[in-house]
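Below is one structure, written out as structure tokens, with a few remarks after it.
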Amino acid sequence: MDAGTAVSALLALLSSPRLLGLMTLAIATGVALGIVPGLGGKIALSLAIPFVFGMEPLEGAVFLVALHAVVHTGGAVPAILLGVPGTGPNVATVADGHAMAQNGEAGRALGAALLSSAVGGLIGALALALTLPLLAQLSLLLGPPEFFLLSILGLTTIAALSGNHLGKGIAVGAFGLLLACVGHDPLTGEARFVFGQLWLWDGVDIALAVLAFYALPELLDLTLEGKVSRTARGTGPGSVSAIAEGIRDVLRRRWLTLRCACLGTGLGAIPGVGGDAAAWICYGHAVQSTASPETMGRGNVDGVIGPEAANNAKEGGALIPTLAFAVPGSSGMAILLGGFVMLGVPVGPQLIAGETDLVWSLVWVLALANLAAAALLLWSAPALARIAHIPIAPAMPFILQLTLLGGVISAGTFWALPLMIALAGLGWLLKRTGWPRQPFVVGLVLGQLTEISLHQSLLIWGPAFVLRPQSLVLLALLAVGLVLYLRVSTRRRASPEAPVPAVSEGLAALLSLTVFSVALFFALGFSATASLLPALVASLGGAIALYQLMRFLRQGDIHGALRPPTVTASSEVVWWALMITAIGAFGFGWGGFLATAFVLAFRFQVTLLRSLTLSGGFALLLSLLLTRAISLG
Amino acid sequence: MTPLRPARRGVLWCAALCVALVATAAGKALAEPDPLAFLRGERLTYIVATKPGGGYDAYARLIAEALERQLPDTEVIVQNVPGAGHIVGTNRLAAAVPDGLTIGMFNTGLFYAQLIEREGVAFDLAEMGWLGAAAVEPRVMIAGPSAPKGGLAALRATERVIFGTKGVGTASSAEALLLAKALDLDIVTVPGYGGDRANLGLRRGELAATVGSWSSWRGFVEEGPGTLLLAIGTSASLPEGTPQAAEFTQDAEGEALVALIQRLSRLGRLTAAPPGLPPERLDALRQVWQAALTDPAFLARAEELRLPIEPTPGAEVAALARAILALPENLKSLLVRSMGGDAS
């Protein structure tokens, strides 16, 4: 690949009004879909693929890559402002980003997130450009033993993500691992935890689980509290100076930004690791390397920079195996690959050898789209930051519908609704009781990779697989990471005593114990191979839940159980239940329309005409999307 | 009256002829009702049993376009109904009203699913209204760079040859195990090598060989690292002189197993209507489908999208489907075992 091809590809891109137009459209759509909670990158691609069928290969590829590249840039906005992640990989940003917004530093967090996203995206594109010629050698170095060790490395971040609640964190992580076992087990062909439901055969969709476990509880709390955060101190929330402060943060922490961008690129390039895991691993790295670990999770800007640099960088990384070997680097890339097949874009060695100008166009698109998206959002950041300070409750019915729709589209069935509600209830309870929720995603994302790569390694090499030179290098890294973490955590131990467990705490422990016991009961019915992982994690999680329950019974505020919940909380839950029931019974079109109109008119006192118009228009849009793009069974 | 000039007389003759032709055509139309009347002005739904994107979706959308060209008064829409390895979409298709306004595409793995009576299967492929298969998908056995050199004979002489497969219970794994049985190979199947992961596994050397469709392994062979050991089924795209698995079978059981896979290889990118479709509508749809698949504009577009087309007509597909489903009991239990089920 020579520089001449690179330059001519850029010129061809910039001189074609059609390509530029498509790119602009893709960037605007991608950012918008990222900002709207519930509609992430995979959903964006799934919706776009039927529309690009029939386009020229270059046009279609440019559109899809630009669209997917910028979704996470947009996804940082609601993660910071509302605490509701726009997409899965933005979940890691919530902890510190939203805490900053609550401390009155929304602008600073946005500035930091957007610049680190842009830098991450550029590094990813650069990595793609530089490695393409050497790719064949590079990606042949890592096989199943290394994937297994990397996934263990990923699972150890659960410890870092649990803060002072290591036990609870491990229990929540175990729940994520358990959910990752749902579906047809590739090792034995057995169906695990599917209870005769066809739609569960393919497992629990990660996008659905993230939406239910994070986004819905946040939305519920937003409605309960009426508005989000109030300016507590510091500069004006959306002022240009606050945003500039965030930009300066990234420049000050340039090495962290660069390290996380490189780490994100590398992790993105490993098939099966994916964006969610990359963001969490980089959050873990930010925890290890920050100057003030005690403020992590309470508004430390490092906790925004790390995952945001990573989740844009991993796009470039994930494109490496996707383009070079037609092996998708992430689940989003698998959909992109499907789109490429439909466009007739050759992927694999054929592409790298024969279509260098197309590859370079994609590299440029990746770089330009990241810059443009960050610029667009920085320009509108002062206005966006104000969102955090206005009551958004009346928009809730719409956001709720989009979130549910996101889950339903990801899973491909309306049966996703009850699962989402159950997960959302659990997530809300954990949130209210201060259990760390982040380990859930780590477990869910890494569960399959851990299990399958361990079995592959054992089948092919036997237990000696850990002695491969590459594996030894990774083992050493793993040890260094653990030592670093232990150093950080002993420093942190100085934090205050755990408070007296409240009644909701006891309830959470009881519920967890029930879930883990039921899971263990079913897991013991599987064959030995199929039951190993689920039985192990269910026992571990169950033991921790039992300990928490005992602790509550011994020291907790049992009489608190008799106190009824507040009236506002219960009435708000009734409105929600009404909407969800209507959608479940009559679908997103009619059900959504009637319920939204009803809630707007009677809960928020919007005039009847306006309620009908707003909800009607919205319902029409959704049903159009559903009938033209996706069919649900 | 002046006699008509010859030229004018010619015009009149022509006009008379035209009137006569139109009248005959109209009479014929009145006598024989239009076989495609049930489609005119209606919407034809084409169910694809996968998520948007990927091979099946591409074939369905391409064929949908071609069907629309054949049926200018009919709107053809593609509906993705994914889930449970094509079972959800095919259940939906089988349950649709058999009026000719719903057709669907799914994979041949469903024949295995029906044969082993997999839970969740609510269709009978023997009863489907087959429109045809758009492609042939010969299966191939591919050896990677780390496999013992010397073709099939060398593989036979090796213990524990490592084969990458998608996972227990999938067609990919079942076909590897059935072939190993038919060809007397000692193999270990390692799951988790779905899609193109087997490609990387072979390149890295941890896998010795794999079984898959020629269309997905062709690039790997043509580019160098892969060796085409043998094929099951034929296609114009296979290199000349490729050995067929049938040449290496050891006994009657082996022959029957190879014959099963060979029949399935004829059924790439299947399209069917629900069971119970009136025969005249099925005939009409088969003709439209056949015309769509031989339309030069369609073939040119398929070439552009790199989607190989080698159609098999509906009647032939129906016969093959019946033959596949009539698998003898002893082979059926072998299939059940190789798909991870209970061997009883």
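The values are calculated or read from the model by the stated rules, or taken from the named source; none is laboratory data. All values derive from a computational prediction rather than experimental measurement. Virtual Cβ from ideal backbone geometry, glycine too; neighbours counted across all protein chains shown.
Counting only helices (runs of 4 or more DSSP H) that sit wholly inside region A:549-633, those with at least 2 residues that are among the small types (Gly, Ala, Ser) and modelled with pLDDT under 85 are A:567-586, A:608-629. Annotation note: of A:Leu58, A:Leu39, A:Leu45, the sole residue that is farther than 25 Å from B:Glu304 by Cα and crowded, with 20+ Cβ neighbours inside 10 Å is A:Leu39.
Just so you know, in region B:213-242 the residues that are at positive phi and over 22 Å from the mean Cα position of the chain (by Cα) include one that is farthest from the other protein chains (Cβ to nearest Cβ), and it is B:Gly241.
Taken over region A:326-345, the criterion of being modelled with pLDDT under 75 and facing chain B (nearest Cβ under 7 Å) is satisfied by A:Ala326, A:Val327. Only residues that are farther than 30 Å from A:Val204 by Cα and out of contact with any strand residue (DSSP E or B) (no Cβ under 6 Å at 6 or more places or on another chain) were counted across region B:59-94, and they come to 9.
Being assigned to a loop (DSSP other than H, G, I, E, B), touching a Pro at 6+ places or on another chain (Cβ under 8 Å), in contact (Cβ under 8 Å) with a residue 12 or more places away in the chain and within 12 Å of chain A (Cβ to nearest Cβ) is a property that holds for B:Pro52.
The set of residues in region A:76-91 that are over 19 Å from A:Ala125 (Cβ atoms), touching a residue at least 40 places away in the same chain (Cβ under 8 Å) and under 11 Å from the mean Cα position of the chain (by Cα) comprises A:Val84, A:Pro85, A:Gly86, A:Thr87, A:Gly88, A:Asn90, A:Val91.
Yes or no, residue by residue, for (1) more than 30 Å from A:Glu245 (Cβ to Cβ); (2) at pLDDT 80 or above; (3) hydroxyl-bearing (Ser, Thr, Tyr); (4) not in a helix (DSSP H, G or I):
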{"residue": "A:Asn312", "(1), (2), (3), (4)": "no, yes, no, no"}
{"residue": "A:Leu319", "(1), (2), (3), (4)": "yes, yes, no, no"}
{"residue": "A:Ala324", "(1), (2), (3), (4)": "yes, no, no, no"}
{"residue": "A:Val347", "(1), (2), (3), (4)": "yes, no, no, yes"}
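B:Thr158 fulfils the conditions (1) part of a loop (DSSP other than H, G, I, E, B); (2) away from chain A (no Cβ under 14 Å); (3) out of contact with any Pro (no Cβ under 7 Å at 6 or more places or on another chain) except for a single criterion, (3).
Does at least one position in region A:377-396 carry a residue that is out of contact with any His (no Cβ under 7 Å at 6 or more places or on another chain) and within 30 Å of A:Gly167 (Cβ to Cβ)?
For region A:377-396, residues out of contact with any His (no Cβ under 7 Å at 6 or more places or on another chain) and within 30 Å of A:Gly167 (Cβ to Cβ): absent.
Checked against (1) closer than 30 Å to B:Pro82 by Cα; (2) at pLDDT below 90; (3) surrounded by 24 or more Cβ atoms within 10 Å (Cβ to Cβ), A:Cys181 passes all but a single condition, namely (2).
Being more than 14 Å from chain B (Cβ to nearest Cβ), surrounded by 23 or more Cβ atoms within 10 Å (Cβ to Cβ), in a helix (DSSP H, G or I) and at pLDDT below 90 is the requirement here; does A:Ala369 meet it? When the stated conditions are applied, A:Ala369 does not pass them.
Of the residues making up region B:75-98, those that are assigned to a strand (DSSP E or B), touching an Asp or Glu at 6+ places or on another chain (Cβ under 9 Å) and facing chain A (nearest Cβ under 8 Å) number 2.
Residue under question is A:Leu47, and the condition is that it be within 13 Å of chain B (Cβ to nearest Cβ), in contact with a helix residue (DSSP H, G or I) (Cβ under 7 Å, 6 or more places away or on another chain) and closer than 21 Å to A:Leu405 by Cβ; does it hold?
Considered against the rule, which asks whether it is within 13 Å of chain B (Cβ to nearest Cβ), in contact with a helix residue (DSSP H, G or I) (Cβ under 7 Å, 6 or more places away or on another chain) and closer than 21 Å to A:Leu405 by Cβ, A:Leu47 comes out as yes.
Residue count for region A:153-204 satisfying the condition of being without any contact (Cβ under 8 Å) to a residue 12 or more places away in the chain, under 21 Å from A:Phe516 (Cβ atoms), among the aliphatic types (A, V, I, L, M) and within 14 Å of chain B (Cβ to nearest Cβ): 1.
Across region B:161-189, the number of residues qualifying as more than 14 Å from chain A (Cβ to nearest Cβ) and outside any helix (DSSP H, G or I) comes to 3.
Conditions tested, residue by residue: (1) of a type in the set (A, V, I, L, M); (2) more than 16 Å from A:Gly587 (Cα to Cα); (3) at pLDDT below 85.
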site	(1), (2), (3)
A:Ala393	yes, yes, yes
A:Gly406	no, no, yes
A:Gly412	no, no, yes
A:Pro418	no, no, no
A:Leu423	yes, yes, no
A:Lys431	no, yes, yes
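Filtering region B:141-169 to residues that are in contact with a Gly (Cβ under 7 Å, 6 or more places away or on another chain) and β-branched (Val, Ile, Thr) leaves B:Ile142, B:Val168.
Look at (1) surrounded by 22 or more Cβ atoms within 10 Å (Cβ to Cβ); (2) closer than 30 Å to A:Leu132 by Cα; (3) more than 19 Å from the chain's Cα centre (by Cα); (4) among the basic types (Lys, Arg) and you find that A:Arg18 fails only one, number (1).
Please verify whether B:Thr249 is among the polar types (S, T, N, Q) and within 14 Å of chain A (Cβ to nearest Cβ), treating the condition exactly as stated. First the steps, then the outcome.
On the way: among the polar types (S, T, N, Q): yes; within 14 Å of chain A (Cβ to nearest Cβ): no.
In short, no.
Just one of (1) assigned to a helix (DSSP H, G or I); (2) at pLDDT 95 or above fails for B:Leu131. It is (1).
Just one of the listed residues (B:Leu334, B:Leu293, B:Leu285, B:Leu299) is away from chain A (no Cβ under 13 Å) and surrounded by fewer than 19 Cβ atoms within 10 Å (Cβ to Cβ), namely B:Leu299.
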